[in-house]
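Let me begin by presenting the structure, written as structure tokens, before commenting on it.
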Amino acid sequence: MTVPAQLSEITVGLGDRAYVISVANGLIDQVGDYARKLGFHSPLAIIADDAVAEIYGDRVKRSIESAGFKTEIIPFPTGETNKHLQTISALYDAMVQLKPERDGGVIALGGGVAGDMAGFVAATYLRGMRFIQVPTTLLAQVDASVGGKVGVDHAGGKNLIGAFHQPRAVLIDPDTLKSLDPRQVRSGLAEVIKHGVIQDAELFKRTGDSLDALLAVEDGAYNEIVPWNCRIKARVVEQDEHEHGLRAILNYGHTIGHAVEALTGYETLLHGEAVAIGMIAEAELGEKLGVTPPGVVKAIRRLIQKAGFPLEKPKLTADAMIDSMFRDKKVKSGQLRFVLPTRIGEVKIEAVTDLELIREVWANYHGA
Ligand SMILES: NC(=O)c1ccc[n+]([C@@H]2O[C@H](COP(=O)([O-])OP(=O)(O)OC[C@H]3O[C@@H](n4cnc5c(N)ncnc54)[C@H](O)[C@@H]3O)[C@@H](O)[C@H]2O)c1
Ligand SMILES: [Zn+2]
């Protein structure tokens, strides 16, 4: 197997479930080589949404076939609105036809929706089988494909049904971002900015310095940024795989962001766009609580504005937002907990019991 130029490898150290995230341009054509090297057995199921199957399905299929495997593309209808158990059921039907073995495997090809659903199929079909993540959106490359959370939405809530099931490898080809809609690219950058705020001031600065190249997906713009983000997420997941503590810092911007998403029906705003609003509002809450220095709030707001996120305040009442936050599955012992920046690169988690503070922050929110 030819080793691509500029290959970055990050190990996710989880004992007997450890795996390597590989990042290099052109990796999308080497999925078969990696599956062989990892000892996967034929046949392999490539699970992808219709749109990604159309763009990258054949290339991945060819790579897997030339490594000597039998394989089929199992497509599902594109979009978050299809991330539910009925789609999973149809995927199981196709798996029964293909008859992959437990040591065989699933290739999750696409964005976070494909990763979460194919991962859930891999976690449950035959009581769990091997799978490889091949993420193709920025959100999936810097966030969703790392850490082993898989699952689907339920009418009662987003990601309500799922499992922890780590992949055997994550194969990231940053060149695939070139076909991504620019709005999706920006949405993924919200998680990059988040990683900077919670863990790494240097990443935060670099993101600001190279913002134009990142937004335009210039050649090589992501060759350092993607592994950098994977490393941050991997280090957090290694310390707290099942989210008993530290992993919760990844929810910065998401407590309010999830409420905005839920109340706007997951349709008007993309995930990262809601998180961008959430990151600003949560920093403003931190300022009100005396945790986040005003200069830090300004720096966060400035970078998010510079990235061009739509930051107008959604027409939602603070009480509706608070209700929605209490319904979130992450609420612990009936308390709302927020991730608050103490400086760029460091956060602390605080329970906020005075709901009036949240009402004030939402009343005065100014992102745009
Ligand atoms: N498991 C986790 O830890 C985790 C973390 C964050 C988010 N998520 C989940 O991720 C999901 C969102 O992921 P997403 O934003 O990637 O959405 P997505 O998978 O729906 O992809 C967004 C759109 O981009 C298209 N697309 C994907 N790759 C493309 C490419 N290279 N070129 C052209 N088009 C492409 C898709 O067809 C889709 O229309 C949510 O369901 C969220 O819950 C999971
Ligand atoms: Zn997110």
Over the stretch 239-255, the set of residues within 12 Å of ligand 2 (Cβ to nearest atom) and either of a type in the set (Val, Ile, Thr) or touching a strand residue (DSSP E or B) at 6+ places or on another chain (Cβ under 7 Å) (or both) is ASN251, TYR252, THR255
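Give ASP93, ASP103 a once-over and let me know the one that is more than 25 Å from the chain's Cα centre (by Cα), at pLDDT below 95 and away from ligand 2 (no atom under 16 Å from the Cβ).
Answer to the selection: ASP103.
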Taking the stretch 305-345 and the residues there that are among the acidic types (Asp, Glu) and more than 23 Å from ASP153 (Cβ to Cβ), the one that is nearest to the chain's Cα centre (by Cα) would be GLU312
Matching residues in the stretch 96-125 (away from ligand 1 (no atom under 16 Å from the Cβ), more than 18 Å from LEU38 (Cβ to Cβ) and buried (at least 22 other Cβ atoms within 10 Å of the Cβ)) number 0
Among the residues of the stretch 142-164, the number that are within 9 Å of ligand 1 (Cβ to nearest atom) and in a helix (DSSP H, G or I) is 2
The lone condition PRO167 fails out of (1) away from ligand 2 (no atom under 16 Å from the Cβ); (2) part of a strand (DSSP E or B) is (2)
- Among the residues of the stretch 179-189, is any of a type in the set (A, V, I, L, M) and either under 30 Å from ASP103 (Cα atoms) or crowded, with 23+ Cβ neighbours inside 10 Å (or both)? yes
Exactly one of THR71, THR81 is surrounded by fewer than 18 Cβ atoms within 10 Å (Cβ to Cβ), polar (S, T, N, Q) and closer than 17 Å to ALA114 by Cβ, and that residue is THR81
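Check VAL146, VAL185 and return the single one that is out of contact with any Pro (no Cβ under 7 Å at 6 or more places or on another chain) and farther than 20 Å from MET279 by Cα. Lay out the reasoning, then the answer.
Details: VAL185 fails: farther than 20 Å from MET279 by Cα.
Result of the check over VAL146, VAL185: VAL146.
Okay, residues lined up against (1) more than 30 Å from ALA283 (Cβ to Cβ); (2) polar (S, T, N, Q); (3) outside the structural domain of GLY115 (by TED's automatic domain parsing):
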{"residue": "ALA155", "(1), (2), (3)": "yes, no, no"}
{"residue": "GLN184", "(1), (2), (3)": "no, yes, yes"}
{"residue": "HIS195", "(1), (2), (3)": "no, no, yes"}
{"residue": "GLN199", "(1), (2), (3)": "no, yes, yes"}
Within the stretch 66-111, residues within 20 Å of ASP173 (Cβ to Cβ) and in contact (Cβ under 8 Å) with a residue 40 or more places away in the chain come out as GLY105, VAL106, ILE107, ALA108, LEU109, GLY110, GLY111
Counting only residues that are assigned to a helix (DSSP H, G or I), under 15 Å from the mean Cα position of the chain (by Cα) and of a type in the set (A, V, I, L, M, F, W, C), the stretch 245-304 contains a total of 6
Residue hits (the stretch 258-296; among the polar types (S, T, N, Q) and either in contact with a strand residue (DSSP E or B) (Cβ under 6 Å, 6 or more places away or on another chain) or within 13 Å of ligand 2 (Cβ to nearest atom) (or both)) are THR292
Being closer than 21 Å to LEU211 by Cβ, surrounded by fewer than 20 Cβ atoms within 10 Å (Cβ to Cβ) and touching a helix residue (DSSP H, G or I) at 6+ places or on another chain (Cβ under 7 Å) narrows LYS306, LYS298 down to just LYS306
The correct count of residues that are under 21 Å from VAL142 (Cβ atoms), acidic (Asp, Glu) and surrounded by fewer than 24 Cβ atoms within 10 Å (Cβ to Cβ) in the stretch 251-285 is 1
### Query
Are any of the residues in the stretch 108-121 within 24 Å of HIS242 (Cβ to Cβ), assigned to a strand (DSSP E or B) and touching a helix residue (DSSP H, G or I) at 6+ places or on another chain (Cβ under 9 Å)?
yes
- Query: Does the stretch 199-221 include one or more residues that are in contact with a strand residue (DSSP E or B) (Cβ under 8 Å, 6 or more places away or on another chain), over 27 Å from LEU311 (Cα atoms), assigned to a loop (DSSP other than H, G, I, E, B) and more than 16 Å from ligand 2 (Cβ to nearest atom)?
  - Reply: no
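The values are calculated or read from the model by the stated rules, or taken from the named source; none is laboratory data. No experiment lies behind these values; they were computed from the predicted model shown. Glycine gets a Cβ as well: all are built from the backbone with ideal geometry, and neighbour counts include every protein chain shown.
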